[in-house]
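The structure appears below as structure tokens.
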Ligand code: ATP
């Protein structure tokens, strides 16, 4: 208010001076420059604060660790670290240096933000969230100013709400905490990071409000080592993609308020969603509910859930409709993948479809029967065989191949290279750096040719089944894994 009055008086004085014949141009130029400087620093800083302010709505987090599914190790490590803040009097008495930062490292959607929120409620702190990219500015000093106002805001909010602690969550921290001197506009980046370090160094056990910075990143290798040294982010907690048990827990959390039909088996669903992150699973639960509502159902059935897995994995169904001829080719291609898939790992095919979704004209979805972390030579060869199954099936059924197998070949080549570098090819143990490209090429070629031959044999033997299932797929568009296996058994019996 005072500012507005002062501005008004100033304007009136300038107008009066102008009417009296004074030259007011220098005042206008000076005023303009002052405004520009204010806008670039303070003004934008304010806007940023307001951005943070819009999150005031959830500055008090009501997410607890019970809302975070799986991630048992990460939760345990985090809780252990948070106890330093929760029992701050004890920590102070023992003269322990306060915990200033925790770095959560893991792929997107695995629940890092969720954990930071749970950390805030566990320690009865206010919660402020921001992202590294919000500090990126062309103008030197703006990022540093934003860091200062972020910490100041955390303190004032905590005091206002009568809390003793605040959690500042910085997502994509590698954007502002990257190695110094590496960026093109490095001065600005360096100043921002320096300011963060200054703020973190300034915290001590006597502060009225203790602040914990929780950073999240998928690329810890990009971080400046100063950030990781003791006294800053000295706890690094890995938050990985959930395993089957973790997925089950997450599904239970997201299904708890949704009506489920009797045919839904969450354990089966957890198995079918291999490779899904928590965010994928949340989206799956939501999509299935939307689908059930559109179909006027009272509860969510297995069918909706299975269809939603396809949607979350591959994207929305496309309007694009391939020609009849192309559809036949796609059907043979997918059944080829599925047949080899069942041959290599019985029970692993989840669905075969010729519906175009996202980038794919059709797809075969597989889930490993057991989740593996190590692969033997035979298992990699099996994966290569599945990749080649599509193109080989096209050749057997239609006499020619198409460009539809390009992605499959890339994957097969990648796997073959893994075999070579893993010392599993005929070359034995090799050095990745010293192996001449020609020898690598020959080794990969040999693996692919041999596998192709065995896929050809396998599919030639299953030719009747290939034909039968492909025809059915053209009619039905999608076959569920269980039905696919039934069909296989029947076709084989009648052969
Ligand atoms: P990003 O790195 O992309 O920001 P993130 O790791 O921070 O991702 P979150 O934002 O925490 O991921 O997760 C997104 C959503 O996914 C959450 O709101 C929640 O609904 C769901 N989710 C993710 N992980 C879990 C989990 N472990 N338990 C329950 N829900 C989860």
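Scanning segment 243-260 turns up at least one residue that is within 17 Å of the chain's Cα centre (by Cα), under 15 Å from residue 367 (Cα atoms) and more than 8 Å from the ligand (Cβ to nearest atom).
With the structure loaded, tell me whether residue 260 is crowded, with 18+ Cβ neighbours inside 10 Å and either under 21 Å from residue 388 (Cα atoms) or in contact with a strand residue (DSSP E or B) (Cβ under 8 Å, 6 or more places away or on another chain) (or both) or whether it fails that test. Spell out how you get there, then give the answer.
Details: crowded, with 18+ Cβ neighbours inside 10 Å: yes; either under 21 Å from residue 388 (Cα atoms) or in contact with a strand residue (DSSP E or B) (Cβ under 8 Å, 6 or more places away or on another chain) (or both): yes.
So residue 260 fits the description; yes.
Checking segment 326-339 against the condition returns a match, with at least one residue being under 20 Å from residue 447 (Cβ atoms) and crowded, with 19+ Cβ neighbours inside 10 Å. If you filter segment 285-300 down to residues that are touching a helix residue (DSSP H, G or I) at 6+ places or on another chain (Cβ under 7 Å) and more than 21 Å from residue 362 (Cβ to Cβ), you find that the one that is farthest from the ligand (Cβ to nearest atom) is 299. Among the residues of segment 306-320, just one is more than 21 Å from residue 482 (Cα to Cα) and touching a helix residue (DSSP H, G or I) at 6+ places or on another chain (Cβ under 8 Å), namely 317. The sole residue among 227, 212 that is modelled with pLDDT under 95, in a helix (DSSP H, G or I) and not assigned by TED's automatic domain parsing to the domain that holds residue 368 is 227. The condition (being surrounded by 15 or more Cβ atoms within 10 Å (Cβ to Cβ), modelled with pLDDT under 90 and away from the ligand (no atom under 15 Å from the Cβ)) is satisfied by just one residue among 272, 201: 272. Determine if segment 387-401 includes at least one residue that is at negative phi, part of a loop (DSSP other than H, G, I, E, B) and surrounded by fewer than 19 Cβ atoms within 10 Å (Cβ to Cβ). Yes - at least one qualifying residue is present in segment 387-401.
Of all residues in segment 454-467, those satisfying the criterion of being within 15 Å of residue 344 (Cα to Cα) and either within 37 Å of the chain's Cα centre (by Cα) or in a helix (DSSP H, G or I) (or both) are 454, 455, 456, 457, 458, 459, 461.
Here residue 395 meets each of (1) in contact with a helix residue (DSSP H, G or I) (Cβ under 7 Å, 6 or more places away or on another chain); (2) closer than 27 Å to residue 461 by Cβ with one exception, condition (1).
How many residues are in a loop (DSSP other than H, G, I, E, B) and within 16 Å of the ligand (Cβ to nearest atom) if we restrict to segment 75-112?
Start the filter on segment 75-112 by keeping residues that are in a loop (DSSP other than H, G, I, E, B), which leaves 87, 94-100, 106-111.
Now narrow it down to the ones that are within 16 Å of the ligand (Cβ to nearest atom): 106-111.
Here the count works out to 6.
Based on what the data block shows, is residue 221 surrounded by fewer than 19 Cβ atoms within 10 Å (Cβ to Cβ) and more than 14 Å from the ligand (Cβ to nearest atom)? Yes; evaluated as a whole, the condition is true for this residue. Cβ contacts < 7 Å: first residue under 14 Å from residue 288 (Cβ atoms) and assigned by TED's automatic domain parsing to the domain that holds residue 305, restricted to segment 244-259; second residue more than 9 Å from the ligand (Cβ to nearest atom) and outside any helix (DSSP H, G or I), any location; separation 6+ or different chain. Result? Every condition considered, the pairs that remain are 258/300; 259/298; 259/299; 259/300.
Away from the ligand (no atom under 16 Å from the Cβ), outside the structural domain of residue 283 (by TED's automatic domain parsing) and modelled with pLDDT of 85 or more: is that true of residue 180 in this structure? Considered against the rule, which asks whether it is away from the ligand (no atom under 16 Å from the Cβ), outside the structural domain of residue 283 (by TED's automatic domain parsing) and modelled with pLDDT of 85 or more, residue 180 comes out as no.
The values are calculated or read from the model by the stated rules, or taken from the named source; none is laboratory data. All values derive from a computational prediction rather than experimental measurement. Don't worry about glycine lacking a Cβ; one is built from the backbone with ideal geometry, like all the others, and counts go over all protein chains shown.
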